[in-house]
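Asks: My questions will all concern the structure given below.
The values are calculated or read from the model by the stated rules, or taken from the named source; none is laboratory data. All values derive from a computational prediction rather than experimental measurement. Here the Cβ positions follow ideal geometry from the backbone for every residue, glycine too, while neighbour counts run over all protein chains shown.
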Amino acid sequence: MRIMREQRRGKKYEGIFMLLLLMVCFLEVSACGRQEGNEEALMMRAENAQTVSVEPQTLALVLTSRDGAENEKLIEDFQKKTDEEGVELLVRIPDVSEEEALEAGKLTGSFVLCEVDPIEYQMLLINELVAEDVDVIAIHPNHSEALEPVLTGARAVGIRICAFGQEVGEESCDAYVTAEEAPEATLELLRAEE
């Protein structure tokens, strides 16, 4: 009897040993499969990363009025430069006449809650562009003092500002240039951002 018990116990241990051996083999085989699967997944991720398109930088051009004498030339110059660089161009034009814009530029006083359309339009356009998260704004300001708070706010969130045509305060822009220099100056601000 004792011999039979020992034989059963030996077979029991033998069975447990075989079961453990099978589990180890199974774990090794599944680990190899997972490793190969991981390698395949990593290769697929690398291939996908190469095909993911990076959003182009965005430059916004804000003009003074819908009928400004230099609008067409400026838009054409900006479009040419941005096309060469692969940059997206957004053009925003206030719905006011050139005469109204010129009158607004001569105003003095407080502009915190201005109801002067040319100035208010540009303020709203700047705020919209901030919400759209553009990289650089090129603006021909209708009024230097009135636009300073919104331009300063745009700079505070990381948007670069290039003013041309009418100077604004240093805290309101990163560059002040002539209208002819504006397309290249804004691209330089974009390049500095990279």
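Listed here are the residues, each with its yes/no results for (1) among the hydrophobic types (A, V, I, L, M, F, W, C); (2) touching a helix residue (DSSP H, G or I) at 6+ places or on another chain (Cβ under 9 Å); (3) at negative phi; (4) not assigned by TED's automatic domain parsing to the domain that holds residue 170.
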| site | (1), (2), (3), (4) |
| --- | --- |
| 64 | no, yes, yes, no |
| 70 | no, no, yes, no |
| 75 | yes, no, yes, no |
| 80 | no, yes, yes, no |
| 87 | yes, yes, yes, no |
| 106 | no, no, yes, no |
| 131 | yes, no, yes, no |
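Asks: Another question about this same structure. What's the total number of residues in the range 140-162 that are closer than 19 Å to residue 183 by Cα, of a type in the set (A, V, I, L, M) and out of contact with any helix residue (DSSP H, G or I) (no Cβ under 7 Å at 6 or more places or on another chain)?
Replies: 0
Asks: Same structure again: Keeping to the range 149-193, report how many residues are more than 23 Å from residue 70 (Cα to Cα), part of a loop (DSSP other than H, G, I, E, B) and either without any contact (Cβ under 8 Å) to a residue 24 or more places away in the chain or aliphatic (A, V, I, L, M) (or both).
Replies: Residues meeting the conditions: 3.
Asks: Please give the number of the condition residue 34 fails out of (1) modelled with pLDDT under 55; (2) in contact with a Gly (Cβ under 7 Å, 6 or more places away or on another chain).
Replies: Status for residue 34: all satisfied but (2).
Asks: Now a separate question. Confirm whether residue 112 is surrounded by fewer than 17 Cβ atoms within 10 Å (Cβ to Cβ), among the hydrophobic types (A, V, I, L, M, F, W, C) and at pLDDT 95 or above.
Replies: Against the criterion (surrounded by fewer than 17 Cβ atoms within 10 Å (Cβ to Cβ), among the hydrophobic types (A, V, I, L, M, F, W, C) and at pLDDT 95 or above), residue 112 does not qualify.
Asks: Quick one: in the range 47-84, of everything that is among the small types (Gly, Ala, Ser) and more than 23 Å from the chain's Cα centre (by Cα), which residue is modelled with the highest pLDDT?
Replies: 65
Asks: For the range 150-176, give me the residue count where each residue is touching a Phe, Trp or Tyr at 6+ places or on another chain (Cβ under 8 Å) and surrounded by fewer than 19 Cβ atoms within 10 Å (Cβ to Cβ).
Replies: So the answer is 1.
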